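Just so it is clear, none of the values below were taken in a lab; they were calculated from the coordinates. Just so it is clear, the model here is predicted, and its values are computed rather than measured. Note: ideal-geometry Cβ built from the backbone for every residue, glycine included; neighbour counts use all protein chains shown.
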Amino acid sequence: MTDTADIGSGDDPLAESTARPSADTRADSRHRGDTRRRIQTVAVELFTEHGYDGTSLREIAERLDVTKAALYYHFKSKEDIVASLVEDHFGRIDELIAWGREQPTTAATRREIVNRYVRIVEGGDQVFRMLQQNQAAVHAMASAKSRGELFRERMHSLIDLITGPGAGRPERVRAAMILGGISAGWMFFADQFTDRHELSELVRSIASEFLAPGGGPGADPGS
């Protein structure tokens, strides 16, 4: 049994027809969005438990208790599911970049950019771990190269926002290490904290310390 297919119908087998009054149409759209998120959540669980290569779309559909045709409405392949997870992550970073570009270039803005980035990393923790566990399969995907380039573009944009215009290399390297350290902190320690809020506050606090020139433990993050 293959894991890809063409679906002739444009209707979501898990949602009712959208040819209804606007209130029902909006509810139907929310339902499709909920279904998409359910598929993503279950796929991440199975890819983590059994590996990307060891999981089929049929198994994802069975855990969701839906037909394979219903699953195909949203995703035609496992790679489509992984791509959607990455796109959603990029979308959250894009929202942060758009917000940052509308703010004044101040220490408070820099701290808030870091705070929001911590929340993005925290929210994507399970996805990151799944991708890490399935590196070989993920890197073999056709879209792997473009994903890396798109991620670097976004990191450069965040570095620009954190450092401000005209920043030198030391400031830009510092910003890159702050962003990378946030991700590394979560990857290495998320399973060692029963209280995720505690880890979130710790990562946020340490990252803020390093924002200031000469930053590090004991530096004033507001300077």
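When the charge dipole of the stretch 120-203 is built from unit charges on Cβ atoms (+1 for Lys and Arg, -1 for Asp and Glu) and taken about the Cα centre, the candidate among I182, V127, G164 whose Cα reaches farthest toward its positive end is G164. Across the stretch 56-66, rounded Karplus estimates of 3J(HN,Hα) from the backbone phi angles (6.51 cos²θ - 1.76 cosθ + 1.60, θ = phi - 60°) give 10, 4, 4, 5, 5, 5, 5, 5, 6, 6, 10 Hz, Gly and Pro being marked x. Length gained on full extension, F188 to R58, computed as 0.36 nm times the residue gap minus the Cα-Cα distance: 43.6 nm. For the stretch 81-120, the alpha-carbon radius of gyration amounts to 1.32 times the rule-of-thumb value 2.2 N^0.38 Å expected for a compact globular protein. Here the Karplus curve 6.51 cos²θ - 1.76 cosθ + 1.60, taken at θ = phi - 60°, turns the phi angles of the stretch 135-140 into couplings of 4, 4, 5, 5, 5, 7 Hz, with x standing for Gly and Pro. In the stretch 78-209, the convex hull through the Cα atoms has an average projected area of 8.4 nm², a quarter of its surface area.
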